[in-house]
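Novice: Questions regarding the structure given below will be posed in turn.
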Amino acid sequence: MSTAAIDARGLRKSYGPKVVLDDLGLTVATGTVTALLGPNGAGKTTIMTILSTLVRADAGSAVVAGSDVARNPDGVRAAIGLTGQFSAVDGLLTGEENLLLMARLRHLGPKRSKTRVAELLEQFDLTEAARKPLSTYSGGMQRRLDLAMTLVSTPSVIFLDEPTTGLDPRSRHTMWDIVRGLVADGTTVLLTTQYLEEADELADRIAVLDGGRIVAEGRPDELKRRVPGGHVRLRFADAAALDAAAHLFAASARDDAGLALTVPTDAGVGALRALLDSLDRAHLEVDDLSIHTPDLDDVFFALTGRVDTKGTES
Amino acid sequence: MTTLNTQSPTAPGRVAARGRRQSHIVADSITMLRRNLLHIVRYPGLTIFVIGAPVVFLLLFVFVFGGTLGAGLPGVDPAGGREAYLAYVMPGILVMTIAGTAGGAATTVAMDMTEGITARFRTMAISRAAVLTGHVLGNTIQAFLAVAVVLGVALLVGFRPSAGPGEWLAAVGLIALIAFAISWVAIGMGMQAKSVETASNQPLLFLLLPFIGSGFVPTESMPGWLQGFAQYQPFTPFIETTRGLLLGTPLGWYPPFAIGWCIVLAIGGYVWSVAIYERKSVR
């Protein structure tokens, strides 16, 4: 049976007059990664806190790892791990002590605790720093320790709230590898991110969140297909050439200041050749040409109703 | 593989789960206590202050005020005022030492509540009480340490208790009980505080109470309207019972009163802090 690891329905949450979640539904299949993508204040963290039993929803229901978050929170807690936006490590303990603390609280028993902690230190490349105080840890190391603490009891569902915010590119890639490893082991992951690249890299499914609602949901390529953002941008040496080219391509948008023209196209090779051929026939010299395929940026901006800042139509 | 039967629908399963959880409360409390003890070792500043302040008070009251205050005690020869006052003030100083740890406990808890690790604890299947019990036990141990040091200093400057082994044992038990009770209230105060900065304000009340009791002067020397309060507030029975055990003064109705107050404070503090812990969301 393919039960969902997370099944949330009709979740609502308001803080005073501010509606944070508005009838939100979300299903995550067991063993998959879903990314919640949205701007600040879209409600990403609120979903995480509700699903991880930190906060109660005003309305709606959610079942995580087979237990209802409201009726059996301890059942949920025994099966999940949360690595939040804010470092959830004990700054006065060493890395090893932090992990041992978690192992004890998960009741692994002294022997298994020791082996599990050693395993995690090794896996997260923290063996060398294991006995050093956390004040000597870099941001990336702290985040790795944070996640390692979440994994002490091998939870079946893991919530990662902006796991790579503030990390340098190398640490970010390390984190991605770790997440991929978890999924390979059958763990279900729900992560939030503001980085579109991250969602694209990691997620099987992406839910785009805006104003407390999911405005789009699907596989990354499905979402990309929904946005007709492909175009070719041509830059010319002078206004005359720009004029001529603008006449040539009726559906194009011109940018007089930049002497550039944006021509919508599906960016396939055939379409590109046709475009270049027409330019040739008109004897128009192009200074610069760039091809823009739709990426998650376009998806994000199109679906959340934000102005496309690097937009072509000024 | 991922069928997680954490909630067993059968009654025996539920009973077993409850039994398991009960044993976890103890194990988790000890884990949390260990964590708090490590904090005390790693961050000794607060502990040093908590121990140092009553030592300063002791020396101040004995060597600065002692001569005059001692001479005013009923039935004391003015020439031996200082020694008499040392004996008189010690039980009050000891109880005040315990009260002084309340501020530290409240600050520690308030700080801890703002830490991400506390949010993590909430997402784990740990008993709510265990997190708080860890703090309470940690503070009780710290109070013990403080009392031992203060008592040591007192012995150095000439404090000579008349207690036998039985009385000492009872005194140690009483101090543990008072520390435990005050810690629970202090934890509640710390959790209720809006910020870490204000967390140590409310426990200052505990430092004041020995003064408005029999800690520094006999309550009989106070005006009548104040005596009523001074006689029955928790610290007078605490101090008088300690005094009776260490110095052989009449115990009277003080011991049951002291134990009663401890029970009331501990239960009240427990219920209060657990309620706040449940209610307070980390962010």
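The numbers here are math on the coordinates, done by the rules we state, and not lab data. Computed from a predicted structure; not experimentally measured. FYI the Cβ positions are ideal-geometry reconstructions off the backbone, even for glycines, and counts take in every protein chain you see.
Novice: Can you tell me what percent of all Cα-Cα pairs in the protein assembly as shown are more than 40 Å apart? Don't skip to the end; give the middle numbers.
Specialist: Working: 82049 of 177906 pairs.
Across the protein assembly as shown, Cα pairs with separations above 40 Å total 46 percent.
Novice: For a 23 Å ceiling on Cα separation, which of these pairs sit above it: A:LYS13/A:LYS44; A:LYS132/B:LYS194; A:LYS44/A:LYS132? Write out the running numbers ahead of the final one.
Specialist: Values: A:LYS13/A:LYS44 12 Å; A:LYS132/B:LYS194 33 Å; A:LYS44/A:LYS132 34 Å.
As for pairs spanning more than 23 Å Cα to Cα, those are A:LYS132/B:LYS194; A:LYS44/A:LYS132.
Novice: Right, something else. Calculate log10 I(q)/I(0) of segment A:1-156 for q = 0.09, 0.10, 0.16, 0.21 Å⁻¹, where I(q) comes from the Debye formula with a single equal point scatterer on each Cα and nothing for solvent.
Specialist: Calculated log10 I(q)/I(0) at the listed q: -0.35, -0.43, -0.96, -1.25.
Novice: Using θ = phi - 60° and the Karplus relation 6.51 cos²θ - 1.76 cosθ + 1.60, list the HN-Hα couplings for segment A:248-260 in order, rounded to whole Hz, with x at every Gly or Pro.
Specialist: Per-residue couplings from phi come out as 5, 10, 4, 7, 7, 10, 10, 10, 5, 4, x, 6, 10 Hz.
Novice: Let me know the longest stretch in chain A that avoids all GluC sites (Glu not before Pro) found in a DSSP loop with at most 16 other C-beta atoms within 10 Å.
Specialist: Details: sites that count: A:GLU128, A:GLU285, A:GLU313.
Counting only loop sites that pass the neighbour cut-off, the longest clear stretch is A:129-284.
Novice: A follow-up question, please. Provide the gained length on full extension for the span B:GLU197 to B:SER221, in nm with one decimal, where the gain is 0.36 nm per separating residue minus the Cα-Cα distance. The partial results should precede the final answer.
Specialist: On the way: separation 24, 0.36 × 24 = 8.64 nm, distance 3.69 nm.
Length gained between B:GLU197 and B:SER221: 5.0 nm.
Novice: Moving on. Express the relative contact order of chain B as a whole percentage, based on alpha carbon pairs under 8 Å and six or more residues apart in sequence. All intermediate terms of the calculation are to be shown ahead of the outcome.
Specialist: Details: 372 pairs, mean separation 66.6, N = 283.
Over chain B, the number comes to 24 percent.
Novice: If I take the Cα coordinates of segment A:68-205 and project them onto the principal axes, what are the three extents in Å, biggest first?
Specialist: Principal axes ranked by extent give 39, 39, 25 Å for the Cα atoms.
Novice: Moving on to the next point. For chain A, what's the relative contact order in percent, using C-alpha pairs closer than 8 Å and at least 6 residues apart?
Specialist: Working: 582 pairs, mean separation 60.5, N = 314.
Normalised by residue count, the contact order of chain A is 19 percent.
Novice: Of the beta bridges DSSP finds with both residues in the protein assembly as shown, what % are antiparallel, to the nearest 5?
Specialist: Working: 34 of 52 bridges.
About 65 percent, rounded to the nearest 5.
Novice: Continuing with the same structure: Given a cut-off of under 8 Å on Cα pairs at least six residues apart, what relative contact order in percent is computed for segment A:51-199? Please report the intermediate quantities before stating the final value.
Specialist: Numbers: 190 pairs, mean separation 38.0, N = 149.
Taking the mean separation of contacting Cα pairs over the length of segment A:51-199, I get 26 percent.
Novice: How much length would be gained if the chain were fully extended between B:THR114 and B:LEU251, taking 0.36 nm per residue of separation minus their Cα-Cα distance, in nm to one decimal? Working shown, then result.
Specialist: Values: separation 137, 0.36 × 137 = 49.32 nm, distance 4.42 nm.
Length gained, B:THR114 through B:LEU251: 44.9 nm.
Novice: Set the Förster radius R0 to 30 Å, insert the Cβ-Cβ distance between B:LEU37 and A:THR115 as r into 1/(1 + (r/R0)^6), and round the FRET efficiency to 0.05.
Specialist: Values: r = 25 Å, r/R0 = 0.83.
With a Förster radius of 30 Å, E is 0.75.
Novice: Next question. Determine which aspartates and glutamates satisfy two conditions relative to A:LYS18: a Cα distance under 17 Å, and not lying fewer than 8 residues away in the same chain.
Specialist: Those aspartates and glutamates meeting the cut-off are A:ASP58, A:ASP210.
Novice: When the helix-only estimate is applied to chain A (DSSP H runs of n ≥ 4, each -39,500 (n - 2.57), divided by the residue count), what is the mean residue ellipticity at 222 nm, nearest 500 deg cm²/dmol?
Specialist: Working: 11 runs with 113 residues, N = 314.
For chain A, the value works out to -10500 deg cm²/dmol.
Novice: Continuing with the same structure: Roughly how far apart, in whole Å, are the Cα centres of segment B:81-107 and segment A:79-93?
Specialist: One Cα centre to the other: 39 Å.
Novice: Turning to a different aspect of this structure: Let me test this: with uniform point scatterers at the alpha carbons of segment B:56-118, what is the Debye-based log₁₀ I(q)/I(0) at q = 0.23, 0.25, 0.27 1/Å?
Specialist: Taking Cα atoms of segment B:56-118 as identical point scatterers yields -0.86, -0.94, -1.01.
Novice: Oh, and also: For A:ASP168 and B:ALA27, what is the calculated FRET efficiency with R₀ set at 30 Å and r taken between the beta-carbons, to the nearest 0.05? Don't skip to the answer; put the middle values down first.
Specialist: Values: r = 39 Å, r/R0 = 1.31.
The formula returns an efficiency of 0.15 here.
Novice: Averaged over A:71-78, how many beta carbons belonging to a partner chain fall within 10 Å of each residue's beta carbon? It would help to have the intermediate numbers written out before the result.
Specialist: Details: counts 1, 2, 3, 8, 7, 4, 7, 5.
What the average comes to for A:71-78 is 5.
Novice: Now for a separate question. Principal axis lengths of segment A:231-293 from Cα atoms, whole Å, largest first?
Specialist: Computed over segment A:231-293, the largest-to-smallest principal extents equal 28, 23, 20 Å.
Novice: Using just the helices of chain B, give the 222 nm mean residue ellipticity in deg cm²/dmol: DSSP H runs with n ≥ 4 each add -39,500 (n - 2.57), and the total is spread over all residues, rounded to 500.
Specialist: Working: 11 runs with 204 residues, N = 283.
So the calculated ellipticity at 222 nm is -24500 deg cm²/dmol.
Novice: Beyond 18 Å, what percent of the Cα pairs of segment B:135-283 remain?
Specialist: 63 percent
Novice: Could I ask something else about it? Which residue fluctuates most in the GNM of chain B (Cα springs below 10 Å): B:GLU167, B:GLU240, B:GLU197?
Specialist: Result for chain B, Cα springs under 10 Å: B:GLU197 fluctuates most.
Novice: Between A:ALA240 and A:ASP177, what is the label-point separation in nm under the 7 Å Cα-to-beta-carbon projection?
Specialist: Between A:ASP177 and A:ALA240, the simple spin-label model gives 5.8 nm.
Novice: Average partner chain C-beta neighbours within 10 Å, per residue of B:124-130? Don't skip to the answer; put the middle values down first.
Specialist: On the way: counts 15, 13, 5, 1, 0, 0, 1.
What the average comes to for B:124-130 is 5.
Novice: Give, as ranges by residue number, the residues of segment A:82-99 whose backbone N falls under 17 Å from the point 7 Å along Cα→Cβ of A:GLU128.
Specialist: Correct set: A:95-96.
Novice: Continuing with this model, one more query. Would you please put B:115-121, A:58-64 in order of how densely packed they are, using the mean number of other Cβ atoms within 10 angstrom per residue and starting with the highest? Can you show the working numbers first?
Specialist: Working: B:115-121: 21.1, A:58-64: 19.0.
Listed from highest to lowest mean packing, they are B:115-121, A:58-64.
Novice: For chain A, give the share of DSSP beta bridges that are antiparallel, in percent and rounded to the nearest 5; count only bridges with both residues there.
Specialist: Numbers: 34 of 52 bridges.
Bridges in chain A that DSSP calls antiparallel: roughly 65 percent.
Novice: Hey, another quick one. Enumerate the whole-percent occupancy of each 5 Å bin, from 0 to the last occupied one, for all C-alpha pair distances of segment A:147-270.
Specialist: That works out to 2, 9, 15, 14, 11, 10, 10, 10, 8, 6, 4, 2, 1, 0, in percent per bin.
Novice: Follow-up. Grab the beta carbon distance between A:TYR195 and B:LEU169, set R0 = 56 Å, and tell me the FRET efficiency rounded to 0.05. Let's see the in-between values first.
Specialist: Numbers: r = 64 Å, r/R0 = 1.14.
So, using R0 = 56 Å, E works out to roughly 0.30.
Novice: For a bin width of 5 Å, list the pair-distance distribution of chain B built from all Cα-Cα distances, rounded to whole %.
Specialist: The distribution over chain B is 1, 6, 11, 15, 16, 14, 11, 8, 6, 4, 3, 2, 1, 1, 0, 0, 0, given as percents.
Novice: Using only C-alpha atoms and all pairs of different ones, pull out the Kirkwood radius for chain A in Å with one decimal.
Specialist: Working: mean 1/r = 0.0452 Å⁻¹.
Evaluated over chain A, this radius sits at 22.1 Å.
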